[in-house]
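Bear in mind that the values in this text are calculations on the coordinates, not laboratory data. Just so it is clear, the model here is predicted, and its values are computed rather than measured. Here the Cβ positions follow ideal geometry from the backbone for every residue, glycine too, while neighbour counts run over all protein chains shown.
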Amino acid sequence: MLKLLGALCVMVVSLWCGAQAVGGLRRRVRALEELHAGLVWLEEELTFRLTPLPQLLERLGQDRRGEAGRFFQEVDRLLRLDPEGGLHQSWRRAMVRHLTLLKAEERQALLEVGQTLGRYDARTQGQTLARCARRLAALRDEAQGEAQRLGKVYTALSAAGGAMVILVLI
Amino acid sequence: MENAGAAERFDRAAELLPGHLRRRVQGLPREKRARAEELRLRRGRPLFVLTPQGEEPLEGTSVTAQDLETVLELASASSVHTVMEQIRHGFVSVPGGHRLGLCGTGVVEGGQLVNLRELSSLSLRVAREIRGLARAVLPRLWGERGLESVLILSPPGGGKTTLLRDLIRALSAGEDCPPRRVGVADERGELAAVAGGEPALDVGPRTDVMSGCPKDIGLMTLLRGMNPQVLAVDEVTAPEDVSAMLQAAGCGVTLLATAHGGTLRDLDRRPLYRELMARGVFGRLVVIRGTGEERRYTVTDGEGRPC
C-alpha cells in the first residue's frame, strides 16, 4: 500500500513537472500573441491618431493580458516614475522584469521598438512597429508549432520518466 | 501689477531640464527665478538664464547633446510624433504655456523643413502672466464704434503675448468695462495653456479657448459655435489667418491680435498686414517698446494718430 502511494506521488510530481514545461511553452505563445496584438494597435493609434505614448501605454496595460499586459503596465509605471530616463530605458527595464519567457530573437525585435518609440515621427515609428509585429507573428507561429511538438514530447517524457523512477525504486 | 507666481512658473518650466541642470536653476534665488524670461541651452556651453538684464551663464554647467535630447523628450512627453508639426515651425509649446525654441541641423524635403537632426541649441521661454498689465492701454482702446479691434506690435520677446493675455482676461472679467464673451484661437497653447480642458493661465471667466488647431480654423469654429463678442489670436503669420480675421471683422466681432514689428511702417512693408490695415480692420495699434523690465505702450489709431 505504501509502495503504491509512493509510486502515485512520484507519478504526480513527474506529470506536474511535464505540465509546467508545457505551460511555459503555451504562456510564451500567449505572450507573443498579446504583444503582437498590442503592437498592431499601437501602430494604428500612433499613425492615424498621433496619440501620446503615455496614454497608449496606460491603455495597453489595461487591455492586454498576462506577461504582455504586465510588461506594458511596467513601461507606463517606470516612465511616470523617471521620465528623464526616457521611454527606451523604461521599455528595456520592463522587458527584463516581465518578458522572461521570450527568446533572444524575440527580445531583440522588441528592443528595437523601444529604441524608436517616442523619438521619431509617426511614420518611422509605425514602420518599426509593423516590422516588429510581422516578426513577432512569425515567431509566434514558430512558437505555436514548437509548443505542439514539444508539448507532446514533454507530456510523454514526464509520464515515462515517472514510470521509470517508479520501476527503479520498486 | 502682479507677476503672479512667476518663480513657480519658472520652476515648472525648469522641470523640463535634465536633473543636473534642473537642480542648479531651481537653486537660484527666488527673485532671480521670478525675473527669468528664458533658459538658453547651447551644446558644449554653460546654461544661460535670460533676465531683463541680459544672459547670464550658470557657472559650472555644461550642456551636452544628450541634455538637449532629454529636454525635447520631456517637452513632448516621450511622444515626438505629437509635436512634429511644431518642430517644423521651430518650436514646441509646452504644458503651462511655455515655449521651447529649437535649433539644429535641418532635414529638408521638397524645399520644406521636415525635421531637425542634431539639436544644437534650445531656448525655453517661460510663460509670463502679469495681471493688471492691460490697464496701461485698455482705456485708450475705445473709439466711436466702442471697443476697437487691436493689433499689438513688438519685436520678438517684447511682451505681446503677455499683454494680449491680460487684455483677454480684463475684457472677459469686465475690469473697468462691461464684460465680454471672448473667443481665443490658441494654436500653440501659449495664451491659455489649456490642460485637461481648463486654462492653466488666467484668461478670464467668459473666455472660450479653441486650442491645438490652426488659427484660421480656430477662429472660424469660435465664430460659428461660440457667438463671441471679441476674438483673440496670437502672432498672425499666414494668409489663411488674415482671411479668417477679415471674415470675423465683417461679422462685427472685435479682434485682438499680435504681430512682430516695431512700427506702423513695418506693417506696410508686409503684404500680409497691408490688406488688413488698408481695409481698416484695426482701429487701434499698440506698439510695445522698451528694454529690460521697462515697457512703454504707444496707442495709435489705424492711421498712426496718438490716442
About its Cα centre, the protein assembly as shown carries a charge dipole, from +1 on Lys and Arg Cβ atoms and -1 on Asp and Glu Cβ atoms, whose size in debye to the nearest 20 is 900
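Considering Cα pairs under 8 angstrom that are at least six residues apart, work out the relative contact order of the stretch A:26-143 and quote it in whole percent.
Numbers: 132 pairs, mean separation 40.0, N = 118.
Normalised by residue count, the contact order of the stretch A:26-143 is 34 percent.
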Filtered hits (lysines, Cα-Cα < 24 Å from residue B:215, offset >= 8 within chain) -> B:160
If one builds a Gaussian network model of chain B from Cα atoms under 10 Å apart, the most fluctuating residue listed among B:235, B:56, B:294 is B:294
For chain B, longest principal axis from Cα atoms; helix B:215-225 axis from its Cα atoms; angle between them, nearest 10 degrees, is 50
Interchain or sequence-distant (5+) residues whose placed amide H lies within less than 5 Å of the amide H of residue B:195 are B:200
Here the relative contact order (percent) of the stretch B:131-301, from C-alpha pairs under 8 Å and at least 6 apart, is 28
Taking a straight Cα-to-Cα line shorter than 26 Å from residue A:103, and setting aside same-chain lysines fewer than 8 residues away, one finds A:152
Here the stretch B:32-44 yields Karplus 3J(HN,Hα) values (6.51, -1.76, 1.60; θ = phi - 60°; whole Hz; Gly and Pro given as x) of 5, 5, 5, 8, 5, 9, 8, 10, 10, 10, 10, 4, x
In a Gaussian network model of chain B with springs linking alpha carbons closer than 10 Å, the residue among B:165, B:30, B:99 that fluctuates most is B:30
Under a Gaussian network model of chain A whose springs join Cα atoms within less than 10 Å, the largest fluctuation of A:101, A:150, A:81 belongs to A:81
Among B:137, B:127, B:106, the residue whose Cα sits farthest towards the positive end of the charge dipole of the stretch B:105-146, when +1 is placed on the Cβ of each Lys and Arg and -1 on the Cβ of each Asp and Glu, is B:137
Computed for chain B: size of charge dipole around the Cα centre, +1 on C-beta of each Lys and Arg, -1 on C-beta of each Asp and Glu, debye to nearest 20, value 460
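Taking only C-alpha pairs under 8 Å that are 6+ residues apart, what is the relative contact order of chain B in percent?
15
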For the stretch A:26-170, the Cα-Cα pair-distance distribution in 5 Å bins from 0, as whole percents, is 2, 10, 17, 21, 17, 10, 6, 5, 4, 3, 2, 2, 1, 0
Taking chain B and counting helices only, DSSP H stretches of n ≥ 4 at -39,500 (n - 2.57) each over all residues, the nearest-500 ellipticity at 222 nm comes to -8000 deg cm²/dmol
Computed over chain B: longest principal axis from alpha-carbon atoms vs helix B:160-173 long axis, angle to nearest 10 degrees, is 50
